[in-house]
1. Here is a check on your reading of the model: is Leu680 among the aliphatic types (A, V, I, L, M), over 30 Å from Met620 (Cα atoms) and either in a helix (DSSP H, G or I) or free of Cβ contacts under 8 Å to residues at least 60 places away in the same chain (or both)?
2. Only residues in region 402-429 that are of a type in the set (Lys, Arg) and modelled with pLDDT of 90 or more count as the first member; pair them with residues that are part of a helix (DSSP H, G or I) and open to solvent by 30 Å² or more (accessible area, probe 1.4 Å), Cβ under 8 angstrom, at least 6 apart or cross-chain, and list the lot.
3. Give, as residue ranges, the helices (runs of 4 or more DSSP H) completely inside region 412-489 that count at least 2 residues that are farther than 30 Å from Val356 by Cβ and out of contact with any Gly (no Cβ under 9 Å at 6 or more places or on another chain).
4. For region 471-481, name all the residues that are at pLDDT 80 or above and open to solvent by less than 50 Å² (accessible area, probe 1.4 Å).
5. Of everything in region 599-616, what is closer than 15 Å to Glu225 by Cα and open to solvent by less than 20 Å² (accessible area, probe 1.4 Å)? Give them in sequence order.
6. Out of region 767-778, which residues are within 8 Å of Leu789 (Cβ to Cβ) and of a type outside the set (Asp, Glu)?
7. Of the residues in region 263-307, how many are aliphatic (A, V, I, L, M) and either outside any helix (DSSP H, G or I) or open to solvent by 40 Å² or more (accessible area, probe 1.4 Å) (or both)?
8. Output the residues belonging to region 210-220 that are open to solvent by 30 Å² or more (accessible area, probe 1.4 Å) and aliphatic (A, V, I, L, M).
Amino acid sequence: MALNRVSLLCHDITRLWLQLKMMTDGILQSEDGPLCAAEIGSELQKQFAIRPGGRGMNGNPVIVLPEFPDFSELEEEEVQNVLGYLSNIPSVAASAVGFILVIDRRLDRWAAVRATLLRIAGSFPGNLHLVLVLRPTTLLQRTLSDFLFKYNRDEFKMKVVMLSSVTELHAYIDPGQLTTELGGTQEYRHDSWISHRTAIEAFALMVKTTAQTLQAFGTELAETELPNDAEATTNLLHTHTLKKDKMTEDLQVAQSQGGQLLECINEPLQTDPEYIMTSDELENLATVQRLLGQLDETETAFDEFWERHRTKLEQCLQLRHFEQHFREVRAHLDVTSERLSGFSEVSVSPAHAEHVLRELSGHEDKACDALDHALSLACEGDRLIDNSHYAEDSIRPKCSELRGVCEEISSTLRSKKSFLLRAMELHHALEKASQWCEDGIFLLASQPVDRCQSQDGAEAALQELERYLDTAPLHTIADRSAICCQYEAVLTTQLRDQVERVFQKQISVQEMFEKRRVSLKKLAAKQTRPVQPVAPRPEVKSPLSSPNQQRKERRYSADNTICKKVEPPIHNDGTRHASLSEEEENLAVLRRHVMNELLETERAYVEELLCVLEGYAAEMDNPAMAHLIPSTLLSKKVVLFGNMSEIYQFHKRTFLKELEAYTDCPELVGHCFLERMKDLQIYEAYCQNKPRSESLWRQCSDCAFFQECQKKLEHKLGLDSYLLKPVQRITKYQLLLKELLKYSKGCDGCDDLQQALSSILGILKAVNDSMHLIAITGYEGNLSDLGRLLMQGSFSVWTEHKKGHAKVKDLARFKPMQRHLFLHEKALLFCKRREENGEGYEKAPSYSFKHSLSMTAVGITESAKGDNKKFEVWCNSRDEVFIVQAPTPEIKTSWLNEIRKVLTQQLKACRDASQQKSSDSVFPSPTSNSSSISLSPFRSSGQKNQKKQEEKKAETSSVSDSSSSPKHKGWTKASLSVDASEENDGYSSSEDPMNSDPEDEAGRKLAPGKYTVVADCEKAGPQELSVKSGDIVQLIREGEEGQWFVKNLRSSQEGWVATANLLSLISKSKSSQSLSSSDGSVSGNLSTSSSCSETYTSFSDIKP
């Protein structure tokens, strides 16, 4: 609703501004004439052309050129200016009909008449309807003009009528529209006409200037941004009010001048009611009235627009005052709340309880002032909302927050006060019971021994005891369980012990009374010889001592002289259930506390982002701040702020509102995170841009632009602290989720919280990995083509290369290379880490690309001799071996698990493709009729290799598949070659499935790949291929009738070879395939474990 109100206010202000602008534009356009009388006053004073205001029969405006002997001596510019000005006076409609020019040349010569006509024909700017010439009156000139006019008529290029007298002129123009010089009745005073025109045009210019000023001021008001503090808002309102008052004065002056001009035009009607105005006078009157009307409408529109703008500024000022008071009151309330939270209501005695209560009353008095101010401010906020304030969405939460804090403080005060009053009540009850025991002990000790020797004395003493025992129900604790139940809320450990002591004291005193009663009854029933009774308190002084003094000496110490018997504490199911309920309540309180922290920090985060975007990013586009922006910062807003605007829109419009929906059920908030996990990935782009942003900030951090923006925002910290907020926020979520998960064990949303935490940690890892990826240089290709980045980290690496049958180690064998490895789904990259100079993100490392291995050609050996942190990565039948040493055994294990996972996925994909293909084809018996076959000794070498592998099985292992079906034997997995396995004992423990008996050859199945030929074979047909021993061939595809399309890589020839021949011709021992060969045939046990330290803690590269 408040948003709608703000939208309506902005819409109204915009509408009124457009209306005002439309009116001022109309004034500016309508009164934009080429010339005015003041500019050509000297030319008009010559009176060689006049505009008396008459009209022709058809309403044609009449311009008169009276007798002017020096007309030919006038400059062309003077003639054009005067005729142009006179032709612009009539309305557009009248000008469109066409002008009538009356040229009076009765006293002139024909040559002058002709020159005048030619000059008019070339310089008259308007639509010329007719030219009426009063020709010369002398006989010679009249005769000459008649003759020469006929001869030169076509030369004039306009309609010209030669008139002999004014009587003929009246046939074209009514005498009432002509001046007396032309035989008419119209009175014309040229000086008065010039004065009227000057005044009208001056008024029009004033109206135009006022309209321009109004338009400029309106533009300034419309483009004004609301300040962020009360002082600036007050100054702005004062400045705009002064300007508005000046505008009002200018409008009033213009209206006053227009009224005077209107009276001047109407003056002839006031003196002579029957006066008939000329057409020009009527047009002048209409012009002035129109200008006055426009002024009135413009003033009305401006007043309405100003009222809206003033209301907006006043509401802004009210809001700034409210926010300032809110901050002050909120700080005061926080101090009060903190003081109350640190106030201990525990008391140890009645006097101490009264003292604590007095202290609490003092705190209450101080808190009441803060509460009164807070509630008064909340009521003020309600009034602002009731008065349709545009910032209702900002005011209402603050009012609710104030009332909530006030209620919380009041509730705390009531709770502590109630606690103290109940504790005082218990203290008084205990003191009363203890006093009763003391008085009873004193009574027993103070009974005279000699009086009890007689029967009457014994009866009197017995009655005294009975009377005292009758007061026990009023002073003692009757039921300890009832007392504990009644005062359970205030029972501290100390108070509980005190209750126990008093209760035991009561029991002991009552036992003493009972023994005394028994003795006294015996004495009262039968008189015996005098017996000296023993007092129960030997240390009691003489009975003549003061009872009050003895009470003081024995108060709270009588339990040292009486029986110490204590009953064992009572435990029952009710206590256990109460304990469980209390624990659940505590967990719920902790969950709510974490949720409140999540919401409060989220709201603060959104406000901080908005503050940065409006206070810094928007100011970069502000023309008024352009002079403060250094050249290095121009057009770099996207680099500096990244996608902060996108992050703000997501949190403001979506995430914050959805989080607030879980206020009452914090344990279910994990679902909200899971729903928005894809949206939270926008932080990856922000973090990737952070190094560039940091570098730009360091270049421009000291510029005046940032200092001015920080001053306006009243920020204590610089922009760089706020640019780090998104990075800190995305790392904060996982901490809050961990806290919620800790307090939500067994709740409904526990699984969602766990998944949300894992997803957030995954985003942090992806962000961290991406920041490392963008630092890689020198890689020729697109990193995105390598698939998803799985792991990355720094290792020590040794390399080995095999050439022929000899193994060649690097010269730096004993000095490892430091490499940063990036494991992708399709490749393993080796890079060299390079530290950059600088601070912060400027010191972020870069990586120089050195080497890459395709995962389709990679094999691994899990253990290397002598170190449990080393493993091997190799390819091409161990032609290249990389010995990798991890920082810890755990990191090594996590990398091996991840590599096994990739290789297993490749094996599964290959297996699925092979099974699909084998289901559609049947292999014939492996026989050959056209070749001399020589089998490679796979069996013996395989047995030798197998024996060695069994001996080394405890040391090393490589990816293998022991569950392959016989149908795919020899092709569902890959192994080392014979010579490689002999030379590198301990690097691999896999068996070679090709090392099988010859009778098992029929069970083998071929697959595309590269192979070495071990026997010659001549082609039997034109399309077949002949090969020789030692050739390397590539199996491309399997055809029909048991043939394969093969390419001889040595001769580059292609052709078909029978499958049966191929089984005998090729040798797997010389194959270029190895573990995880080009067809992707690998195997292994998939391990889903991962190292948390490797996966997540490396995000510390991003400084939170």
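1. On the way: among the aliphatic types (A, V, I, L, M): yes; over 30 Å from Met620 (Cα atoms): no; either in a helix (DSSP H, G or I) or free of Cβ contacts under 8 Å to residues at least 60 places away in the same chain (or both): yes.
The answer is no for Leu680.
2. Within 8 Å, the pairs are Arg403/Leu375.
3. Result: 455-470.
4. Within region 471-481, Thr471, Ala472, Thr476, Ile477 meet the criteria.
5. Correct list: Gly615, Tyr616.
6. Once the filter is applied, which keeps residues that are within 8 Å of Leu789 (Cβ to Cβ) and of a type outside the set (Asp, Glu), region 767-778 yields Ser770, Leu773.
7. 5
8. Listed by number, the list holds a single entry, Ala216.
The values are calculated or read from the model by the stated rules, or taken from the named source; none is laboratory data. For clarity, every value in this text was computed on a predicted model and none was experimentally measured. Neighbour counts are summed over all protein chains in view; Cβ atoms, including those assigned to glycine, are modelled from backbone coordinates with ideal geometry. With ligands, DNA and RNA removed, areas are computed over all heavy atoms of the protein, side chains included. Shrake-Rupley method; radii C 1.70, N 1.55, O 1.52, S 1.80 Å.
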